[in-house]
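The values are calculated or read from the model by the stated rules, or taken from the named source; none is laboratory data. Source: prediction; values computed, not measured. Neighbour counts run over all protein chains shown; Cβ positions are idealised from the backbone, glycine included.
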Amino acid sequence: MFSSSAAATFLVLGVISSAAWAVFRWRKAQHAALDPAVSRLYRDITPLRLDWKSKEQIQNAPLKGTYHLTMALQTCSFDEMIDMDKTYMDKVMLRRQILKSETRTATQANPVASNAVHELYEWMFGVYLPQRYPTMFSRLDEKGVLHNIALNEYIPLTPPLDPVECLTILGSHVDTDFLLLLPVADPKARPTRALPTPNPAFPYHLHAYVVCFPSGFDMKQKFGLPLAAIHRPVPGYAQKLEKSMDRFFTTLPFGKVVKRANWAIQQGPALFKPSGNHLATTLKPETMAPPKHEPTEQELKEWAEDAEKVVPEECMLRSERQTLHRLERSGALVFAFKTYLYPLPEVKAAGLGEDLADSAEGLWKGSVPAMAVYKRGVVWARKVVEYLRAP
């Protein structure tokens, strides 16, 4: 007959054993190799022998008559993640200027994301670019470098220890902006592998980025925030997208890549636009923007004054080609986007004037009419639509 103390001892040992087994299984999952077929997706990149100097920009803007706030995601391959064209040289030179003059706005990294940043660096320079664009990038393994043929520069294949330096090099050679997210709130937490799960301990937070071409947002203010807080100014996000976005991010499987596109109208050709492309409503900073907005008299007055300054011929159609995928080793999510600018005279000459005019008017017709405020349609729409439809 066991004594009560012995029974208690066995109970404690049982609890400890169960906990130890749970920890063992968790650690095993953290280091588990992917299915070989999935792992190959990260390495079997289709070569594209591109003459980048003559490649025109793609027409990326999703012009639709009615604007509905949806994720609008499409599955794609890793081949489609990075797009190159004849604007590469000019944009990379501009990116370098921005990284030098706007360093804190253009790139930051928390310690928890260091492994993920190093992994992205190794994969982009060691695997993706030399395989996808062999006419632009060539591995010189004997020297431990990647030759950027377009710029005649050499990039170390081994990432620098400093994650910000890694991001700066990425931003200096790739005309794409990168944001890395992890399901961790503590910026100094020990890096662990993020696995797809419907029930993460925390929502995904932005822990590292290199963004040279922001469109109406200051990355310093987004750094370290969870998805919902990042999207706080977006009208209707809480009602229309928050739950589905959180669920999609947390469960995105390894080896899957999705893409989407957006559009905006901006005044002038600046690619670095940390402000000016969006209008914030008169809400408290911690309040999620609602789907509808009743403007104040002061807002109406300010919008009318700003509208008088709009010169359609100087406006640009701006569009981002966005992708999302999960890194193979760290499990961090990489949100990447390339920015395109199209002068409105060129849009009109290409026969897309009516489509863009319909899309502009559609901002008021969809499920989130406050989007007409957020996208500044209340300022530019009247003059721009008239211009696009004029003979």
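For this structure, a couple of remarks:
- Selection within the range 41-77: residues that are basic (Lys, Arg) and modelled with pLDDT of 95 or more. The member of this set that is nearest to the chain's Cα centre (by Cα) is ARG43.
- ALA357 vs. criteria under 22 Å from ARG260 (Cα atoms) and among the aliphatic types (A, V, I, L, M): yes
- Those helices (runs of 4 or more DSSP H) of the range 215-310 in which 2 or more residues are among the polar types (S, T, N, Q) occupy 242-251.
- Applying the condition of being assigned to a helix (DSSP H, G or I) and not small (Gly, Ala, Ser) to the range 30-40 and asking which residue is modelled with the lowest pLDDT yields GLN30.
- A count restricted to the range 197-242 and to residues that are on the phi < 0 side of the Ramachandran plot and in contact with a strand residue (DSSP E or B) (Cβ under 7 Å, 6 or more places away or on another chain) stands at 19.
- Some residue of the range 45-63 being in contact with a Pro (Cβ under 6 Å, 6 or more places away or on another chain) and surrounded by fewer than 17 Cβ atoms within 10 Å (Cβ to Cβ): yes
- Scanning the range 100-129 for residues that are β-branched (Val, Ile, Thr), farther than 12 Å from SER330 by Cα, within 17 Å of the chain's Cα centre (by Cα) and not in a strand (DSSP E or B) yields a single hit, THR105.
The rows are residues; the columns are (1) β-branched (Val, Ile, Thr); (2) in contact (Cβ under 8 Å) with a residue 24 or more places away in the chain.
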residue	(1), (2)
TYR88	no, yes
LYS91	no, yes
TYR128	no, yes
VAL145	yes, no
TYR154	no, no
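- Checking THR251 against (1) modelled with pLDDT of 95 or more; (2) among the hydroxyl-bearing types (Ser, Thr, Tyr); (3) crowded, with 18+ Cβ neighbours inside 10 Å, the condition it does not meet: (3)
- Close pairs (7 angstrom Cβ cut-off, 6 or more residues apart or separate chains): more than 11 Å from SER330 (Cα to Cα) and polar (S, T, N, Q) in the range 182-202, part of a loop (DSSP other than H, G, I, E, B) and modelled with pLDDT of 95 or more anywhere: none
- Conditions (1) loosely packed, with under 14 Cβ neighbours inside 10 Å; (2) at pLDDT 95 or above; number of the one not met by ASP83: (1)
- Check on VAL92, in a loop (DSSP other than H, G, I, E, B), surrounded by 18 or more Cβ atoms within 10 Å (Cβ to Cβ) and of a type in the set (Val, Ile, Thr): no
- Residue within the range 133-143 that is basic (Lys, Arg), more than 22 Å from the chain's Cα centre (by Cα) and at pLDDT 95 or above present: yes
- Scanning the range 33-54 for residues that are farther than 16 Å from LYS256 by Cβ and of a type in the set (Gly, Ala, Ser) gives ALA33, SER54.
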